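As structure tokens, the structure follows; a few thoughts come after it.
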Amino acid sequence: MATQTTPILPLLLEMNPAELVKPSKATPLETLFLSTLDCDFLNEDMYATIYIYKANEQNQNDPVALLRKALSDLLVYYYPLSGKLMRGENGRKIQLVCRGEGVPFAVGTSSLNLASLEYLEKLDDEVALCLVPNIEIDYDSDFCYHPLALQVTKFACGGFTIGTALTHVVCDGFGVAQVIHALTELAGGRSEPSVKPVWQRERLVGKIDDKPARVPGEHIASLLATSPYMPTTDMVTEIINIQAAKIKRLKDSMMRVYEFPKESFTTYEVISSCIWKERSRALKLNPDGITVLAIAVGIRHVLDPPLPEGYYGNAYIDVYVELTVQELQEASISDIAMLVKKAKKTAYDKGYIEEELSNGERLLRDDAKFEGVSDGVFFLTDWRNIGWFGSMDFGWNEPVNLRPLTQQESAVHIGMILRPSILDPSMEGGVKVIMTLPRDAMVEFKLKMDAISAIL
């Protein structure tokens with residue numbers, strides 16, 4: 001069920017100097033303002049994703065040339081991505097200064113075959129980062145950087161990877177998928193993207209008031225659970241594979257607990273309940289401490305009117321489930337899943353959304369953020385249905401794998417649910433979960449997850 005990522009030999013990369021790819025036509029020169037959700041300080045990190053393409057012997061085109069030209073054409077439509085992010089006059093809110101400077105574009109070659117790397121399925125994160133463009137940001141003294149950078153790496157087998165570094169300030173998961181979809185459409189020969197981008201960030205700006213900022217987690221800061229394994233730099237990343245049949249059996253067993261359920265359980269509700277419970281147990285969190293499951297819920301279709309299809313900014317609200325560790329361990333998976341379902345519905349309340357946006361503005365005004373111990377806080381995000389899959393074929397079929405990378409300092413608090421690699425037929429319809437834990441805790445976590453798998 002669990003597969004450990006293992007370090008490998010160096011990738012034997014040869015890198016060409018990065019260039020700036022500019023828009024192929026003139027674009028507006030302006031300063032764009034971002035939404036309250038965009039400006040959340042947690043979004044200021046760069047997020048890296050690698051798309052892995054298998055060789056196609058029937059296609060002799062150069063993917064680098066196609067992607068370079070497509071990127072240039074893309075920036076006519078998505079011209080904000082060729083700008084730079086800067087702090088506003090108040091020093092806190094971020095603005096996007098559009099001067100058509102371009103997007104860093106790097107090209108690398110490796111003498112290795114992707115098959116020998118198992119198409120990056122088990123590649124160590126630190127090694128995989130070599131396939132993503134490096135953008136160094138000094139958040140304190142020089143906050144001015146490109147929101148997007150690309151790297152194409154060609155391998156000896158004829159396959160290649162597209163590595164993206166993209167700031168969460170400009171796009172959420174849906175937005176990233178929209179941008180990459182448009183890029184591959186243009187690389188595949190389309191004259192324009194099928195979905196035109198829409199800015200409209202003012203739709204998600206909160207109303208400011210005189211109330212003090214409410215820092216998430218501050219009300220339980222002194223009560224949050226702690227782990228004897230943390231802090232540590234000795235982390236291990238695992239890929240947890242869960243087959244479709246086992247998910248179904250788990251759902252069926254949970255449904256039998258409720259004789260006449262009004263709603264079925266979603267895959268996210270089932271998986272998140274299991275993962276959260278076993279993670280807390282593996283970390284040996286203190287029983288009387290509070291542990292928190294944080295859930296990102298999309299609100300694109302909740303707003304009135306809904307956000308337009310081409311909106312690519314952040315459009316999600318965080319909701320939380322809080323339990324003491326003892327309560328979590330004593331609860332059944334069904335009971336936990338019901339709490340997750342109830343929390344998700346909170347994000348669909350208009351009043352809740354308005355308050356979250358207003359509080360976001362207060363947090364920016366007061367420069368307030370949570371600074372307590374967060375061992376027991378766990379974000380589990382679901383990447384399966386945000387538009388990435390089934391939309392990136394530009395002559396080499398769909399990517400055979402997709403590999404997100406999380407910054408090491410925050411990885412222990414984040415889990416990701418993804419669709420499995422298409423190279424493993426046994427996993428069709430299943431999910432893979434990427435988890436990072438302290439090495440000793442991961443041993444316990446694997447045992448618990450394997451035990452659950454064995455009985456399903």
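The values are calculated or read from the model by the stated rules, or taken from the named source; none is laboratory data. None of these values were measured; they are calculated from a predicted model. We place every Cβ from the backbone using ideal geometry, glycine too, and count neighbours over all the protein chains shown. The area values use the complete protein model at the heavy-atom level, side chains included, leaving out ligands, DNA and RNA. Shrake-Rupley method; radii C 1.70, N 1.55, O 1.52, S 1.80 Å.
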Task: Selection count, segment 304-337, where residues are open to solvent by 30 Å² or more (accessible area, probe 1.4 Å), more than 22 Å from the chain's Cα centre (by Cα) and not charged (D, E, K, R) - done: 7
Open item on the list: Looking at the structure I just gave you, is MET416 touching a residue at least 40 places away in the same chain (Cβ under 8 Å), under 19 Å from TYR268 (Cα atoms) and among the aliphatic types (A, V, I, L, M)?
Closed with: no
TODO: Quick one: SER272 ticks every box in (1) more than 22 Å from the chain's Cα centre (by Cα); (2) at pLDDT 95 or above except a single one, so which number is it?
DONE: (1)
Open item on the list: Looking at the structure I just gave you, is ILE180 among the β-branched types (Val, Ile, Thr) and in contact with a Lys or Arg (Cβ under 8 Å, 6 or more places away or on another chain)?
Closed with: no
TODO: Select from segment 210-223 the residues that are open to solvent by 60 Å² or more (accessible area, probe 1.4 Å), touching a residue at least 24 places away in the same chain (Cβ under 8 Å) and part of a loop (DSSP other than H, G, I, E, B) and list them in ascending order.
DONE: LYS211, PRO212, ARG214
Open item on the list: Looking at segment 250-265, can you tell me whether even one residue there is within 30 Å of TYR352 (Cα to Cα), surrounded by fewer than 17 Cβ atoms within 10 Å (Cβ to Cβ) and touching a residue at least 60 places away in the same chain (Cβ under 8 Å)?
Closed with: yes
Task: Tally of residues being in contact with a Leu (Cβ under 7 Å, 6 or more places away or on another chain) and in a strand (DSSP E or B) across segment 15-30 - done: 1
Open item on the list: I'd like to check which helices (runs of 4 or more DSSP H) are fully inside segment 347-456 and have at least 1 residues that are of a type in the set (Asp, Glu) and open to solvent by less than 40 Å² (accessible area, probe 1.4 Å).
Closed with: 350-366
TODO: Scan segment 87-135 for residues that are open to solvent by 50 Å² or more (accessible area, probe 1.4 Å) and among the β-branched types (Val, Ile, Thr) and jot them down.
DONE: THR109
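Does LEU112 count as under 24 Å from SER421 (Cβ atoms), assigned to a helix (DSSP H, G or I) and not acidic (Asp, Glu)? Explain how you work it out, then say what you get.
Details: under 24 Å from SER421 (Cβ atoms): yes; assigned to a helix (DSSP H, G or I): no; not acidic (Asp, Glu): yes.
Judged against the criteria, LEU112 is not a match.
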- [ ] Say whether the condition of being at pLDDT 95 or above and over 23 Å from the mean Cα position of the chain (by Cα) is met by at least one residue in segment 250-267.
- [x] no
TODO: Collect the residues in segment 180-200 that are among the charged types (D, E, K, R) and closer than 14 Å to GLY313 by Cα, keeping them in residue-number order.
DONE: LYS196
Task: Close pairs from segment 34-46: first in contact (Cβ under 8 Å) with a residue 60 or more places away in the chain, partner open to solvent by 10 Å² or more (accessible area, probe 1.4 Å) and part of a strand (DSSP E or B), Cβ under 8 Å, at least 6 apart - done: LEU34/GLN95; LEU37/TYR316; MET46/LEU166
Open item on the list: Quick check on segment 372-405: of everything there that is polar (S, T, N, Q) and in contact with a Phe, Trp or Tyr (Cβ under 8 Å, 6 or more places away or on another chain), which residue is farthest from GLY430 (Cα to Cα)?
Closed with: ASN397
Open item on the list: Restricting to segment 163-204, name every residue that is outside any loop (DSSP other than H, G, I, E, B) and farther than 25 Å from LEU357 by Cβ.
Closed with: GLY163, THR164, ALA165, ILE180, HIS181, ALA182, LEU183, THR184, GLU185, LEU186, ALA187
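Is it the case, given these coordinates, that LYS54 is out of contact with any Pro (no Cβ under 9 Å at 6 or more places or on another chain) and open to solvent by 10 Å² or more (accessible area, probe 1.4 Å)?
So LYS54 fails the test.
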Open item on the list: For LYS341, only one of the following conditions fails: (1) farther than 27 Å from VAL198 by Cβ; (2) open to solvent by 30 Å² or more (accessible area, probe 1.4 Å); (3) of a type outside the set (Val, Ile, Thr). What is its number?
Closed with: (2)
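For segment 172-201, enumerate the residues that are polar (S, T, N, Q), within 13 Å of GLY310 (Cα to Cα) and surrounded by 17 or more Cβ atoms within 10 Å (Cβ to Cβ).
Selection gives GLN178 alone.
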Open item on the list: Just to be sure before I move on: is LYS69 more than 21 Å from the chain's Cα centre (by Cα), loosely packed, with under 15 Cβ neighbours inside 10 Å and at pLDDT 95 or above in the structure I sent?
Closed with: yes
Open item on the list: Criterion first (under 25 Å from ILE295 (Cα atoms), surrounded by 14 or more Cβ atoms within 10 Å (Cβ to Cβ), out of contact with any strand residue (DSSP E or B) (no Cβ under 6 Å at 6 or more places or on another chain) and in contact (Cβ under 8 Å) with a residue 40 or more places away in the chain) does THR226 satisfy it?
Closed with: yes
